[in-house]
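Notes follow once the structure below has been shown.
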Amino acid sequence: MKARVMRDVLIEDIYHRMRNDQRIFFLSADFGAPALDDLRAEFPDRFINVGIAEQNLINVATGLALEGFCVYAYNISGFATMRAYEQIRTNLSVMSETKELNVNLIAVGAGLSYFVSGPTHHCLEDLAIMRLFPHFTVFSPSDCILVENFMDFTVQHKAPKYIRLEGKPVLDIYRDNKQPAVAAGFHELKDGKDTCLVATGYMTHKAMKVAQRMRETGRDIGVVDLFLLKPIDKDVLFEVLKKYRRIVTIEEAFINSGGLDSLIAEILTERGAGIELRRMGFKDKYVFDLGSRDRLHELHGLGEDAIIRSIWTESDARDEKPLRR
């Protein structure tokens, strides 16, 4: 199976839709992609490069959306969110209180996707800060099949959306007729006992690897892929989580700051659930270390072994097979 790049899959889908839908505009803040070349060439009147001007990207997108167009605004995740945060708040979130605004923010480079570029290009804050906005949908897919399944929603739902994409090629998780309902917001990839890993985006792949290693020891743990961080039906998600004694959240983002772990904590606390919650992600510091993505994860307590240690207690390990890599 060949790994695919989320942004290329999404742009190719938009390109085909633009052939049949004159309402679609594509905006870029001087950010390219191989898949973008055909779109730009065939639809020069509906492709706009605003330059390295993220705030203006939101301004232009808002103006077009107010005229009834479906707009895709494309940029690197850290710049798309934080450099234009006031414009996103005022033009999109506030104005959506009274207007229909179909603006889809395509943010490429979630988490440590651009690990070689250092902390200026990492994006560990977006899950928390984008969840804050009323009227926003926050979408964090783990594979390209989810991206494909989400595209109809981007056209039909006339409200702002934050589409958080992995920057590197990823394998498809949802194959072999596993077609998750995007509207549900999550999918239980593995039904386990005692412990459940809840992950989003790229970290769902790591959660699946950990679950496989644990299975080799004779211990089944659950895996839930949470791809809609807003909105989410908390009651439906709790019905899945309540059977476990321990929940471990895994995210390539800051923890204890409003991201995935905070969402799960809200669900458990609001329902008075006596379920243990362990949070795994980046602590309150930026990543200045050099190395591969896996190496950076190891240094910051997010490697596979660290995740296993977080759920592997002496009582759990008794009489079970040793772990193998």
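No lab work stands behind these numbers, since they all come straight from the coordinates. Just so it is clear, the model here is predicted, and its values are computed rather than measured. Backbone-built Cβ (ideal geometry, glycine too); neighbour counts: all protein chains shown.
Computed from backbone phi, the HN-Hα couplings of segment 111-121 come to x, 9, 3, 9, 5, 6, 8, x, x, 5, 9 Hz, rounded to whole numbers (Karplus: 6.51 cos²θ - 1.76 cosθ + 1.60, θ = phi - 60°; Gly and Pro given as x). Working note: Karplus 6.51/-1.76/1.60 with θ = phi - 60° gives segment 217-228 the couplings 8, x, 10, 8, 10, x, 9, 10, 8, 9, 9, 10 Hz, where Gly and Pro are set to x. Kyte-Doolittle cut-off -0.5, length cut-off 20 Å along the helix's own axis using Cα: show which whole DSSP H helices in the chain pass. Qualifying helices, which must be both long enough and hydrophobic enough, do not occur.
Look at the Cα gyration tensor of segment 6-165: its axes a ≥ b ≥ c give a/c under 1.5, and that counts as rounded. DSSP beta bridges confined to the chain are antiparallel in about 20 percent of cases. From least to most packed, judged by other beta carbons within 10 angstrom and beginning with the fewest, PHE26, PHE139 follow the order PHE26, PHE139.
Close amide H partners of ASP143, meaning residues 5 or more places away or on another chain with modelled amide H under 5 Å apart, do not exist here. Based on the reciprocal of the average 1/r between different C-alpha atoms, the Kirkwood radius for segment 71-122 equals 12.0 Å. Residues whose amide H comes within less than 5 Å of that of GLY111, counting only those at least five positions distant or on another chain, are CYS123 (H built at 1.01 Å from N in the peptide plane).
In terms of its C-alpha gyration tensor, the chain has a prolate overall shape, because the principal axis ratio a/c (a ≥ b ≥ c, square roots of the eigenvalues) is not below 1.5 and a/b outweighs b/c. Qualifying GluC sites (Glu not before Pro) in segment 1-106, where qualification requires a DSSP coil assignment and no more than 12 other C-beta atoms within 10 Å, comprise GLU67, GLU100. Under a 5 Å amide H cut-off, with hydrogens placed 1.01 Å from N, ILE76 pairs with VAL108 among residues at least 5 apart or on other chains. The string of couplings for segment 36-53 from the Karplus curve (6.51, -1.76, 1.60, θ = phi - 60°) is 7, 4, 5, 4, 5, 6, 7, 10, x, 7, 10, 10, 10, 9, 7, x, 6, 8 Hz, one whole number per residue in order, with x for Gly and Pro. Helix-only estimate, please: 222 nm mean residue ellipticity of the chain, summing -39500 (n - 2.57) across DSSP H runs of length 4 or more and dividing by its residues, to the nearest 500. When only DSSP H runs of four or more count, the value is -9500 deg cm²/dmol.
Under 1.5 on a/c is rounded, so check that first for segment 197-254, then, if it is not, pick prolate when a/b is larger than b/c and oblate when it is not; a ≥ b ≥ c are the square roots of the alpha carbon gyration tensor eigenvalues.
It is oblate, given that a/c is not under 1.5 and a/b is not larger than b/c.
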